[in-house]
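Everything below concerns the one structure shown next.
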Amino acid sequence: MNFPFDANAGVAARKEALDAFLEIERNAPGNPASLHRSGQRAQGALEKARALVAATLDCSPSAIYFTSGATEANNLAILGFARSFLRLEGRPPSFLSSLAEHPSCLGPLRFLQQEGCSLQLFDLDKHAKVLPESRLPAQDTFDFAATQWVNNETGVIQPIRQIKALLPDSSWFHVDAAQGVGKIQLVSTLQQSTSLVLSGHKFGAPKGVGVLRLQDHVLLDPIFAGGGHQEGIRPGTESPALAMAFAVALDLAVKEQSTIENHWHILTQLFISKLSESFRPFFNHAPAGEGVANTLNLTFKHVDGRMLLPACDAEGLELSMGSACRSGAPQPSPVLIAAGRTTDEAKASLRISFDWNTTTEQVIEGAKRLNTVLGRLYNVAKG
Ligand code: PMP
């Protein structure tokens, strides 16, 4: 039995998405920009995929731009906005965001800050939830606010409605929804966002495809130069097969969301209760009732965090620390630190995230193995 409890890093592509991918690669292998018949067949498949995504997100197909993933979509929205704003307004824009953001959001924001744009950050609570009141009363008006929908590390659902309410209508409201789709119900605030980002491999499409949904009539400069694909906003040959796999996986993830959410609730409770049997203290960063049901983020007291991930891996437990591990040395999560953990606590933390196929048996046996690992490390730390 294996224990792939790292769904927030990405899940295996589902069969329906792979079938759709293969069907189009085989039957419509042309370049969708070519004017001949096979090009037009590929173009037809691409537009069919765009229409299906638009129907699921309740927007017009012209609002959908396919990208290589959420990283590219976040960069395109943030850097593309800044470039067009500067061109039209003649001054650098001001930004509002938080330290809970994924590096693909915070990275371009920091980059723009170095270039002279102002960047202000919301405070976070201990679950890495944005505190909108930390920017109230809004003394400053922001040209662009960027927030995630769900945090990838703690699973906390961000208060996107309250964040939107803080902003003047003229502000650009950007939502990185990479972690929310398929995990919680789509909400109307997402539709009100100026730009919305999705990542296919988080809900059963193959890796390498994402979507940027832009509100109609907004101005965004491209961040790379190329042909006129996707209205020149995202040049580069599109993959109709990846687009259709994305559309199929998104449709199924949204349709099956409430059923899987109930299943995850049962699994996370079961995991916590099995883990608690060992009486080793841990803190759960995943907020009860305010987070997605598939995610747990646990800090283990009196455990040397440096050994945690390799020891789990040796037991077949595929978990994450929530941040990249460079040359085998775990880096403490900047998100947990921003949420008030010490460096040692952040190092002794594990993100456990269940996917669409996780079974009760895997959870029971997985908790047992984690208990074994913790027992060993706990004794080492005490000794
Ligand atoms: N945003 C969030 C919230 C994420 O969790 C991730 C992936 N970890 C990304 C963006 C980047 O997604 P992708 O892998 O599609 O580039």
(message) Taking 0.36 nm per residue of sequence separation and subtracting the Cα-Cα distance, how much length would be gained by fully extending the chain between S118 and S62, in nm to one decimal?
(response) 17.0 nm
(request) Using per-residue counts of other Cβ atoms within 10 Å, averaged over each peptide, order 58-64, 348-354, 121-127 from highest down. (result) 348-354, 121-127, 58-64
(message) What distance in nm lies between label points placed 7 Å from Cα along the C-beta direction at E133 and S258?
(response) 3.2 nm
(request) Treat each spin label as a single point 7 Å out from the Cα along the C-beta direction, and report the E231 to N2 distance in nm. (result) 4.2 nm
(request) Take the Cα coordinates of the chain, assign each an equal point scatterer, and use the Debye formula without solvent to give log10 I(q)/I(0) at q = 0.13 Å⁻¹. (result) -1.07
(message) Below 12 angstrom from the Cβ of T194, what's the summed charge of the other residues (Lys, Arg +1; Asp, Glu -1)?
(response) -1
(request) Any chance you could run the full-extension gain for E315 through D169? It's 0.36 nm times the residue separation minus the Cα-Cα distance, nm to one decimal. (result) 47.4 nm
(request) Using the heavy atoms of the protein chains and a 1.4 angstrom probe, tell me the accessible area per residue for the chain in square angstrom. (result) 43 Å²
(request) Keeping the other protein chains in place, figure out the carbon and sulfur percent of the accessible area of the chain, with a 1.4 Å probe. (result) 53 percent
(request) Between beta-carbons, use under 10 Å as the cut-off and find the net charge around S134, counting Lys and Arg +1, Asp and Glu -1. (result) -2
(request) Mind telling me which of G305, G69, G107 comes out most flexible in a GNM of the chain, alpha-carbon contacts under 10 Å? (result) G107
(message) Please compute the contact order of the chain in relative form: average sequence separation of alpha-carbon pairs under 8 Å and at least six residues apart, divided by the residue count, as a percent.
(response) 23 percent
(request) With runs of 4+ DSSP H residues as the only contributors, calculate the mean residue ellipticity of the chain at 222 nm using -39,500 (n - 2.57) per run, divided by the residue total and rounded to the nearest 500. (result) -13000 deg cm²/dmol
(message) Need the full-extension length gain, R306 to I364, defined as separation in residues times 0.36 nm minus the C-alpha distance. One decimal, nm.
(response) 18.4 nm
(request) Could you name the lysines whose alpha carbon sits less than 18 Å from that of K202, not counting residues in the same chain fewer than 8 places away? (result) K15, K183, K255
(request) Starting from the residue with the highest accessible area, list I24, I364 in decreasing order, probe 1.4 Å. (result) I364, I24
(request) Please compute the net charge surrounding S170, taking Lys and Arg as +1 and Asp and Glu as -1 over other residues with Cβ under 15 Å from its Cβ. (result) -2
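The values are calculated or read from the model by the stated rules, or taken from the named source; none is laboratory data. Remember, predicted model here, so these are calculated numbers, not experimental data. Ideal geometry is used to build each Cβ from the backbone, glycine not excepted, and the neighbour counts take in all protein chains shown. All accessible areas refer to the heavy atoms of the entire protein, side chains included, with ligands and DNA or RNA removed. Shrake-Rupley method; radii C 1.70, N 1.55, O 1.52, S 1.80 Å.
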